[in-house]
Amino acid sequence: MTCPRRKRQTNTTCMLARRSRGFPDYGNILRANMRMLRAIVLQEDRNFIKVWSKTSKSTIAYDSGKIYFENYQSCYSCIDTHPQLLYKLPQRSKSEKIEDALQCSSPLEKSLSTPSDQKPCLLTLTANNWLYRLSAETGETLQGVYLSPNPKFKYLQWDEYQDRFYVKSIQNKVAPFARQAGITQNTVMHLAIFNVFPLEIVGMLEINKTVYCPPVLFEVSCSDHNVQIGGHPWHYIYTPPHKKHRGTYHICSLAEGILAKNGIQDMDCCSLETDLIYLHPDESGRIIHVGPNTCSLRRLPPQMVNSLFFSLDQVAPRVTVTSSGRTVKRISQQLDDDPDQETFRTVEYEDEVDLLALVVTDGEEGEGRACVKLHDNSSGVLLKTIPLEQAWDVTYRNEMCFDKETIVHIEERNNGFHCHVYKLQTEAK
């Protein structure tokens, strides 16, 4: 009979000493480092403080510790206590405007032919159909590929399972006068597929109405052209394109095409914003379903049972007492996502510290007050609540990114885009 191992606290000094001696088990070191970082994030004497704000006339994007402004022309790093400018690209002509971008890093276990291939880079697609690979640290052009004069390419997307990405063209549409003249257009769009490590083209694929190159493997009629595929085993989520199914999500087995047990998810809520459902990015096979005042995590097979469930307390109906002492109750129906109610706005998963971050708004101290609630990803236990200094105005589009010791809040208003950065700091006693 062996004695149980005593659970030891991880010591930072010991970890650094083992690393300096070339300790071989990288996975264990990484996991221990992430456990330490998680413990630091959750310490009671530490909180997220707003340290920086910046506005822009064009869209702001955040990815992997970097904030991009002016249509990816300038890049700020969020590694330091305050964001620092990494680089600013030279002014571009309208034909060289960046249409879309992807940030990528090479796998650590794979050695590539050139040192520049090993470093993080930004893949950019320009309006004149050039695909560039830029250094993520300096903005220097490392590689350029001209796609073709036609068609017009506009979008970049990952094929995560194969370490590939594809460039998608705009959809071909027949002009009204051409349609009246009997002219048809069989080509719908084009896809250019690339390997990432190293960057090389795999091939060009034409999506055509009359030719099936490759044959269709899966087809389903759905509302808003929105289908999600994933899970273990494979399932797909969609809303049927019939009025009676509006507001519901159907979860079906991909192999058999039949509805899973308890596979129709209908969150009975009355709100302006629709509820959202998507596959959990931690690849646990769970589904996240978020409504205005409930958030549930369900396991896919065999019975779609709840594994975690969060709910918010709803405000009781307003009661007003007049000067004569008469009590008046408000009769009008209140929406579940009314500004006066506590409401879930978005959910983020931080994989490196294994935490779920839920943005909650309420109107107790004026419209727009918000906080971020950190829950354990496995148990669902609430571990920390972070008040946000910046208001969360629900009349505009808002986005929150939770990245270890950094929270980035991006909002779109009438006068442009605003970015607010919060960093983890020790609170002054």
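The values are calculated or read from the model by the stated rules, or taken from the named source; none is laboratory data. Small disclaimer: the values here were computed from a predicted structure and weren't measured. Ideal geometry is used to build each Cβ from the backbone, glycine not excepted, and the neighbour counts take in all protein chains shown. Remember, those area values only see protein heavy atoms, side chains included, never the ligands or the DNA or RNA. Shrake-Rupley method; radii C 1.70, N 1.55, O 1.52, S 1.80 Å.
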Report task. Would you please name the trypsin sites (Lys or Arg not before Pro) within segment 226-267 that are DSSP coil residues with at most 11 other C-beta atoms within 10 Å of their C-beta? Result -> Arg246
Query raised in the report: So which trypsin sites (Lys or Arg not before Pro) in segment 133-235 end up in coil per DSSP with only 13 or fewer other C-beta atoms within 10 Å?
Result: Lys173, Lys209
**Report entry** Largest to smallest accessible area among Ile49, Ile201 [probe 1.4 Å]
**Finding:** Ile201, Ile49
Report summary line: Simple spin-label estimate for Val220/Lys110, 7 Å along Cα→Cβ, in nm, reads 3.0
Query raised in the report: Tell me, how many Å apart are the Cα centres for segment 370-385 and for segment 185-219?
Result: 42
**Report entry** Residue-by-residue Karplus 3J(HN,Hα) for segment 409-414, coefficients 6.51, -1.76, 1.60, Hz, glycine and proline x
**Finding:** 10, 10, 10, 10, 10, 4
**Report entry** Separation of alpha-carbon centers, segment 394-418 and segment 63-135, rounded to whole Å
**Finding:** 21
Report summary line: Among Lys94/Lys168; Lys66/Lys173; Lys54/Lys88; Lys209/Lys261; Lys373/Lys404; Lys384/Lys423, the pairs whose Cα-Cα distance exceeds 25 Å are Lys66/Lys173; Lys209/Lys261
Requested in this report: Give the calculated FRET efficiency between Glu96 and Met204 to the nearest 0.05, with a Förster radius of 25 Å applied to their Cβ-Cβ distance.
Outcome: 0.65
Report summary line: Output for segment 193-230: chymotrypsin sites (Phe, Trp or Tyr not before Pro) sitting in coil per DSSP, at most 14 other Cβ within 10 Å, listed by number, reads Tyr212, Phe218
Query - Theoretical gain in end-to-end length, Ile170 to Thr385 [0.36 nm per residue, Cα-Cα removed] - result: 73.1 nm
Query raised in the report: When the chain is fully extended, how far beyond the present Cα-Cα distance does Lys88 get from Gln185, taking 0.36 nm per residue of separation?
Result: 30.7 nm
**Report entry** Label-point gap, in nm, between Thr248 and Tyr396 - each point 7 angstrom along Cα→Cβ
**Finding:** 3.9
